[in-house]
Amino acid sequence: MSESMSESDSKPEMAQLEIAKGPDAELRAGGLRFVACRREVGEIDGGITLYVWSEEEPELELIRMDLFRNRPHYHAPATNDAETKIDRGDQAIEAWGVETVTRRAEQLASEAGHAELGARLSVEALKQAAPELAAMLAGLGDPTEISYFELPQAVLDGLAAS
């Protein structure tokens, strides 16, 4: 029997993952609404999460970037569980995030399945907003809100090992 299975009911052994979240900050530019906060994922990882929403379709979250210290990645579309690893080279992860969402927003919208919306974004307004977005990320408050998520122990062990 697998180590992650409980002997009594053959269900996966479950664990709780603590997520600490800081206050949100928001910026609107070029047809997008950026919402960011600091998050700590247990003792595994953490950093800034940047949510990128459409202003045109307010319920549409295009991208979620987890600009984390150890495993930076993004989700396109934001509802996609699959992670796209961020290869930032020598660039600081926050700088990579700002540059990517302000210079490549149309491409990211397309990657998220919304090419038509991406074509309507104001590329110039997004480029001009880069310094303000960088300042917003730099000024984010520390996490104070704690929540817990239940997940299989094997998944938690995999996160801790990566």
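Summary of computed values
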{"quantity": "Breaking point among (1) in contact with a Lys or Arg (Cβ under 7 Å, 6 or more places away or on another chain); (2) surrounded by 14 or more Cβ atoms within 10 Å (Cβ to Cβ); (3) not hydrophobic (A, V, I, L, M, F, W, C), for H114", "calculated": "(1)"}
{"quantity": "Residue satisfying condition, being in contact with a Cys (Cβ under 7 Å, 6 or more places away or on another chain), within 21 Å of F68 (Cα to Cα) and not charged (D, E, K, R), within set L140, L108, L151", "calculated": "L140"}
{"quantity": "Residues (farther than 23 Å from R88 by Cα and not acidic (D, E)) located in segment 53-76", "calculated": "S54, P58, L60"}
{"quantity": "Selection from segment 89-102 of residues that are over 18 Å from R39 (Cβ atoms) and surrounded by fewer than 18 Cβ atoms within 10 Å (Cβ to Cβ)", "calculated": "G89, D90, Q91, A95, E99"}
{"quantity": "Residue check for E7: modelled with pLDDT under 95 and more than 11 Å from the chain's Cα centre (by Cα)", "calculated": "yes"}
{"quantity": "Residue that is farthest from L50 (Cα to Cα), among those in segment 70-85 that are within 11 Å of the chain's Cα centre (by Cα) and among the hydrophobic types (A, V, I, L, M, F, W, C)", "calculated": "A76"}
{"quantity": "Near pairs, Cβ below 6 angstrom, 6+ apart or cross-chain, from segment 128-145 (under 25 Å from A20 (Cα atoms)) to any residue that is in a helix (DSSP H, G or I) and modelled with pLDDT of 95 or more", "calculated": "L133/V98; A134/V98; L137/E94"}
{"quantity": "Criterion: in contact (Cβ under 8 Å) with a residue 60 or more places away in the chain, surrounded by fewer than 20 Cβ atoms within 10 Å (Cβ to Cβ) and part of a helix (DSSP H, G or I) - qualifying residue of E124, E57, E40, E106", "calculated": "E124"}
{"quantity": "All positions within segment 127-139 that are among the small types (G, A, S) and surrounded by 13 or more Cβ atoms within 10 Å (Cβ to Cβ)", "calculated": "A129, A130, A134"}
{"quantity": "D142 being crowded, with 16+ Cβ neighbours inside 10 Å and not in a helix (DSSP H, G or I)", "calculated": "no"}
{"quantity": "Filtered residues of segment 10-26 (kept if at pLDDT 95 or above, closer than 20 Å to F149 by Cβ and out of contact with any Ser or Thr (no Cβ under 9 Å at 6 or more places or on another chain))", "calculated": "D24"}
{"quantity": "Pick from segment 65-87, criterion of a type in the set (D, E, K, R) and in a loop (DSSP other than H, G, I, E, B), ranking: surrounded by the fewest Cβ atoms within 10 Å (Cβ to Cβ)", "calculated": "D81"}
{"quantity": "Flag for T49 being of a type in the set (S, T, N, Q), over 25 Å from G158 (Cβ atoms) and surrounded by 19 or more Cβ atoms within 10 Å (Cβ to Cβ)", "calculated": "no"}
{"quantity": "Matching residues in segment 57-113 - criterion: being modelled with pLDDT of 95 or more, acidic (D, E) and closer than 26 Å to G42 by Cα", "calculated": "E61, D66, E94"}
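The values are calculated or read from the model by the stated rules, or taken from the named source; none is laboratory data. As the structure is a prediction and not an experimental result, all values here were calculated from the model. Counting neighbours? That spans all protein chains shown, and the Cβs are built from the backbone with ideal geometry, glycine included.
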